[in-house]
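The values are calculated or read from the model by the stated rules, or taken from the named source; none is laboratory data. These numbers come from a predicted model, not from an experiment. Because the Cβ atoms are built from the backbone with ideal geometry, glycine has one as well, and the counts that use them run over all protein chains shown. Surface areas here come from the heavy atoms of the whole protein model, side chains and all, with no ligands, DNA or RNA. Shrake-Rupley method; radii C 1.70, N 1.55, O 1.52, S 1.80 Å.
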Amino acid sequence: MSTKSAELLAIAQKRLYPNYKPAPIVVARGKGCELFDVDGRRWLDLAAGVAVCAVGHAHPKLVATLAEQAGRVMHVSNYFYNEENVLLADELCERSGMARAFFCNSGAEANEAMFKLARRHFFAKGDTKRTRFIAFHNAFHGRTMGAVSLTGTPKYREGFGGVEGVTHVAYGDIEAVKAELRDDVAAIIVEPVQGEGGVLPAPSGFLEALRSLTSERGALLLLDEVQTGIGRTGHWFGFQSTSIRPDAMSLAKGLGGGCPIGAMLTTEELAGALPPGTHGSTFGGNPFASAAARAVLSILEEEGLVAGAKAKGDRLGAMLSELARELPEMCEGERGVGLLRGLVLKQGFVVRDILPKIADAGVLLTAAGERVIRFTPPLVVTESELAEGVAAVRKVLTTFAR
Ligand SMILES: *Cc1c(COP(=O)(O)O)cnc(C)c1O
């Protein structure tokens with residue numbers, strides 16, 4: 001078999017550093033929710049590069065914006081302002097109710113910035129014993145040393161050591177938080193919906209309880225909105241289904257629609273925590289990535305995709321719970337918010353063994369935790385594409401269930 005895929009896979013086997021285990025699919029191009037490989041085979045993409053391609057592949061407005069921006073200026077460094085970045089900061093603060101924006105290139109970096117912000121805030125106030133963090137079991141905050149220390153899956157930290165001073169407690173367990181929230185805690189970091197950990201929405205009232213506890217005891221509340229932000233949950237940001245406001249939040253994934261960009265948004269009170277010289281990023285906030293993010297925000301607005309994520313997410317949730325009812329020997333149920341949803345399999349079924357079969361049936365999805373088939377489609381997905389995806393999953397699971 002000397003297809004173009006086979007040739008490239010042979011080079012990949014030999015040359016790519018083997019820290020990932022990708023499916024044997026070599027993508028060449030995409031359009032909307034479809035991806036095509038180098039040999040022209042088509043897949044329905046309901047993963048969107050893990051909640052990244054919010055406006056789908058090759059959205060004409062995003063393509064035109066980036067082509068135009070690349071022809072104008074791509075990078076200037078943080079020694080100078082650039083128009084796209086200034087306006088993006090304003091647009092993100094406007095939508096979130098936050099006051100200040102710092103830009104970087106990924107989710108881990110945005111969380112790393114929040115980690116440093118929290119410690120540095122108390123350092124600057126002379127409160128040098130507030131250095132600890134409370135994070136949650138199964139939380140995912142990224143792979144840099146700081147972010148992986150906040151991550152709640154011990155195997156991701158194994159062999160790396162990590163940053164001292166992080167205590168993990170059960171997600172949703174407010175009593176455990178209370179017990180750990182002493183006067184040496186700088187901040188609590190939490191995802192409004194645990195994404196990688198298994199698509200687990202925060203229990204009702206949990207974020208509100210964390211907000212009042214941290215305010216009462218003088219610690220910061222940091223939200224990791226890397227997966228839940230930018231319309232995915234049916235709000236601009238996941239926390240907007242509640243009445244709280246965090247002290248800082250991180251964004252990445254959907255923000256650039258595929259162009260690497262991360263951001264940390266903070267309140268005005270925290271504007272002094274990282275003065276010039278304390279933190280930075282060479283690429284952070286460059287005109288190219290900023291233009292991408294501005295185009296994503298305006299497409300989401302023009303096409304009503306934030307409200308659409310709620311409506312289509314509800315439909316997807318209904319399809320998945322129907323599927324779970326049809327296959328009770330295999331499925332536990334469905335959960336999630338907006339277009340961040342998971343089909344939960346029973347103990348004993350391993351999603352990573354099932355995903356290749358679903359890909360063979362023409363649909364791309366990802367795993368969350370051990371037992372959850374995760375759906376994070378582009379927000380431009382149609383109801384018939386969602387139905388096509390669920391039908392393929394049904395067909396594959398039926399063969400496993402027998
Ligand atoms: C993906 C993710 C990250 C890490 O983002 P990277 O861009 O891979 O560094 C952090 N937090 C959450 C909640 C995520 O889903």
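From the residues 107, 93, 251, which one has its Cα farthest along the dipole of the chain in the positive direction, the dipole being from +1 and -1 charges on Cβ of Lys/Arg and Asp/Glu about the Cα centre? Ranked along the dipole, the leading option is 107. Rg over Rh for region 75-201 works out to 1.01, using Cα positions for both radii and the Kirkwood form for Rh. The Rg/Rh ratio for region 254-402, using Cα coordinates for both the radius of gyration and the Kirkwood hydrodynamic radius, is 1.10.
Using a probe radius of 1.4 angstrom, the carbon and sulfur fraction of the accessible surface of region 260-402 is 54%.
Hey, can you find the accessible area per residue of the chain for me, probe 1.4 Å, expressed in square angstrom?
Working: 17770 Å² over 402 residues.
For the chain, the solvent-accessible area averages 44 Å² per residue.
Note down the magnitude of the dipole of region 62-302 about its Cα centre, charges +1 on Lys and Arg C-beta and -1 on Asp and Glu C-beta and zero elsewhere, to the nearest 20 debye.
On the way: 21 positive and 27 negative charges, 107 e Å.
Roughly 520 debye, rounded to the nearest 20.
Of the three principal axes defined by the Cα atoms of the chain, the extents in descending order read 65, 53, 44 Å.
When the charge dipole of region 62-302 is built from unit charges on Cβ atoms (+1 for Lys and Arg, -1 for Asp and Glu) and taken about the Cα centre, the candidate among 228, 133, 74 whose Cα reaches farthest toward its positive end is 133.
Angle of helix 107-124 to the longest C-alpha principal axis of the chain, folded into 0 to 90 degrees and rounded to 10: 10°. Based on C-alpha pairs under 8 angstrom that are at least 6 apart in sequence, region 62-302 has a relative contact order of 30 percent.
Annotation for region 220-239 versus region 39-61: alpha-carbon center distance of 21 Å. Placing +1 on each Lys and Arg Cβ and -1 on each Asp and Glu Cβ, with no other charges, gives the chain a dipole about its Cα centre of roughly 820 debye.
Of 116/178; 346/395; 155/253; 125/253; 129/178, which sit over 21 Å apart, Cα to Cα?
Working: 116/178 23 Å; 346/395 17 Å; 155/253 23 Å; 125/253 33 Å; 129/178 18 Å.
Over 21 Å Cα-Cα: 116/178; 155/253; 125/253.
Roughly what percent of Cα-Cα pairs across region 1-76 reach past 17 Å? Result: 59 percent of Cα pairs exceed 17 Å. Extending 7 Å from the Cα toward the beta-carbon at both residue 129 and residue 21 defines two label points whose distance is 4.6 nm. The spread of Cα positions in region 23-142, taken along each principal axis and listed from longest to shortest, comes to 61, 41, 25 Å.
Based on the Cβ-Cβ distance of residue 73 and residue 179, what FRET efficiency does E = 1/(1 + (r/R0)^6) give at R0 = 51 Å, to the nearest 0.05? Can you show the working numbers first?
Details: r = 52 Å, r/R0 = 1.03.
According to the calculation, E is roughly 0.45.
Could you tell me what fraction of 2.2 N^0.38 Å the Cα radius of gyration of region 114-171 comes to, as a two-decimal ratio? Can you show the working numbers first?
Numbers: Rg = 11.8 Å, N = 58, 2.2 N^0.38 = 10.3 Å.
After normalising by residue count via 2.2 N^0.38 Å, the value is 1.15.
For the chain, the longest principal axis of the Cα atoms and the long axis of helix 206-217 meet at an angle of about 20 degrees. With only Cα atoms counted, region 196-315 has Rg and Dmax values of 15.8, 49 Å.
Using the Cα atoms of region 325-402 to build a convex hull, what is its mean projected area in square nanometres? Don't skip to the answer; put the middle values down first.
On the way: hull surface 19.6 nm².
Computed as one quarter of the Cα hull surface, the answer is 4.9 nm².
With respect to the chain, whose longest principal axis is taken over its alpha-carbon atoms, helix 305-326 is tilted by about 60°. For region 62-302, the ratio of Cα radius of gyration to the globular rule of thumb 2.2 N^0.38 Å stands at 0.98. Measuring nothing but protein heavy atoms, the accessible surface of region 1-150 at 1.4 Å probe radius is 58 percent carbon and sulfur.
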